[in-house]
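The values are calculated or read from the model by the stated rules, or taken from the named source; none is laboratory data. Model, not experiment: these values are computed from the prediction. Virtual Cβ from ideal backbone geometry, glycine too; neighbours counted across all protein chains shown.
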Amino acid sequence: MSSPDSTGPLEQRDLDRYLARIGQDGDRSPTLATLQAVVARQTEAIAFENLTPLTAAPVLLGPGDLQDKLVARRRGGYCYELNLLTADVLRTLGYAVTPLAARVVWNRPETDETPRNHLLLRVDLPEGPHLVDTGFGGLTLTGVLRLEAGPAQATPHEPFRLQARGDAFVLQAEIGGSWRSLYLFDLQPQLRVDAAVGNWYTSTHPDSLFVNHLLAGRPTAERRYALSDNVHTVHHRGGPSEQTRLTTVAEIEAVLERDFLLDLSGIDGLRAALARFV
């Protein structure tokens, strides 16, 4: 397995396998259009999910580990896995990528003290710096944002905007006609070893959300799927949301396979972990 802090371009065969996994067979030149296509296709093909920490297995961040889990074994992951995979791919395609760290304030006041335990990406293009985030659960960005404070920016799903907070930014999404804050971040670069520290806390601390609750999210062109413990929600674009309470482990497994496109084979302890929620 690769060490957590190893960097460098992927082998050509790994890049080819990744692009096949997400269904991207178009232009590979490092342009804004290619970036938008990769982000849109990855977020639809590779779900946000936390089955690995939920089953008390180690979350590995080496490039080879991410290729094995997210590409070869057709699993999903959370922000450290999804955004580091994206960063490895984008660097291989020729983009300048800088990981950043954020403090999540979703569903809480911006003034709350929260740790820097969310990973996102800055991608520098001739058009200027842009924000990419393929790993924020049920509100994962399906588009690419200009890294500048100002008015709303369209994405394939909700409008998003960046607001200045001193020399930092807050990312907000428009939901139900109001702006909701997701997280706060600045432009201090993060090394892969920094991500390893945050990942260890997130995947092992006894109070971590990702250790104690089942979480999954995946967008499609017309809707967003979300799973929180045993509550399955379908948010239709421009329409109502449908919510279902799952009552058996088999029902949860069926939803994970059908709506989140996950291969559940070979996950030790999964049924026992899911049984906690029914």
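Details
- Of all residues in segment 1-47 being among the acidic types (Asp, Glu) and surrounded by fewer than 17 Cβ atoms within 10 Å (Cβ to Cβ), the one that is modelled with the lowest pLDDT: 5
- Restricting segment 148-162 to residues that are free of Cβ contacts under 8 Å to residues at least 40 places away in the same chain, of a type outside the set (Asp, Glu) and not in a strand (DSSP E or B), the residue that is surrounded by the fewest Cβ atoms within 10 Å (Cβ to Cβ) is 151.
- Positions within segment 215-257 being among the small types (Gly, Ala, Ser), assigned to a strand (DSSP E or B) and closer than 18 Å to residue 135 by Cα, in sequence order: 216, 217, 226, 228
- Criterion: in contact (Cβ under 8 Å) with a residue 24 or more places away in the chain, surrounded by fewer than 24 Cβ atoms within 10 Å (Cβ to Cβ) and of a type in the set (A, V, I, L, M, F, W, C) - qualifying residue of 84, 90: 90
- For segment 30-58, the set of residues classified as more than 19 Å from residue 271 (Cα to Cα), outside any helix (DSSP H, G or I) and of a type in the set (A, V, I, L, M) consists of 46, 47, listed by residue number.
- Segment 131-146 residues that are in contact (Cβ under 8 Å) with a residue 40 or more places away in the chain, paired with ones that are aromatic (Phe, Trp, Tyr) (beta carbon under 7 Å, 6 or more apart): 135/48; 135/78; 137/48; 140/48; 141/160
- Residues (at pLDDT 95 or above, of a type outside the set (A, V, I, L, M, F, W, C) and either assigned to a helix (DSSP H, G or I) or on the phi > 0 side of the Ramachandran plot (or both)) located in segment 258-278: 258, 269, 271
- Considering (1) in a helix (DSSP H, G or I); (2) over 21 Å from residue 178 (Cα atoms), the lone condition that residue 138 does not fulfil carries the number (2).
- Of note, residue 108 satisfies the criterion of being closer than 26 Å to residue 173 by Cα, charged (D, E, K, R) and either in contact (Cβ under 8 Å) with a residue 24 or more places away in the chain or surrounded by fewer than 23 Cβ atoms within 10 Å (Cβ to Cβ) (or both).
- Pairs are defined by a Cβ separation below 7 Å, a sequence spacing of at least 6 or placement on different chains, a first member in segment 247-258 that is in contact (Cβ under 8 Å) with a residue 40 or more places away in the chain, and a second member that is hydrophobic (A, V, I, L, M, F, W, C); the pairs so defined are 256/216; 256/262; 256/264.
Residue-by-condition table, conditions (1) modelled with pLDDT of 95 or more; (2) assigned to a helix (DSSP H, G or I); (3) surrounded by 14 or more Cβ atoms within 10 Å (Cβ to Cβ); (4) at positive phi:
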site: 164; (1), (2), (3), (4): yes, no, no, no
site: 169; (1), (2), (3), (4): yes, no, yes, no
site: 173; (1), (2), (3), (4): yes, no, yes, no
site: 181; (1), (2), (3), (4): yes, no, yes, no
site: 184; (1), (2), (3), (4): yes, no, yes, no
site: 190; (1), (2), (3), (4): yes, no, yes, no
site: 194; (1), (2), (3), (4): yes, yes, yes, no
site: 197; (1), (2), (3), (4): yes, yes, yes, no
site: 202; (1), (2), (3), (4): yes, yes, yes, no
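- Among all positions in segment 231-253, there is at least one residue which is under 21 Å from the mean Cα position of the chain (by Cα) and closer than 23 Å to residue 120 by Cβ.
- Hits in segment 208-253 (condition: surrounded by fewer than 21 Cβ atoms within 10 Å (Cβ to Cβ) and of a type in the set (Val, Ile, Thr)): 211, 220, 231, 233, 234, 244, 247, 248, 249
- As a summary of the residue check, residue 222 satisfies the conditions (1) more than 18 Å from the chain's Cα centre (by Cα); (2) under 19 Å from residue 76 (Cα atoms) except for the one numbered (2).
- For segment 90-135, a tally of residues being more than 17 Å from residue 41 (Cα to Cα), in contact with a Phe, Trp or Tyr (Cβ under 8 Å, 6 or more places away or on another chain) and not in a strand (DSSP E or B) returns 3.
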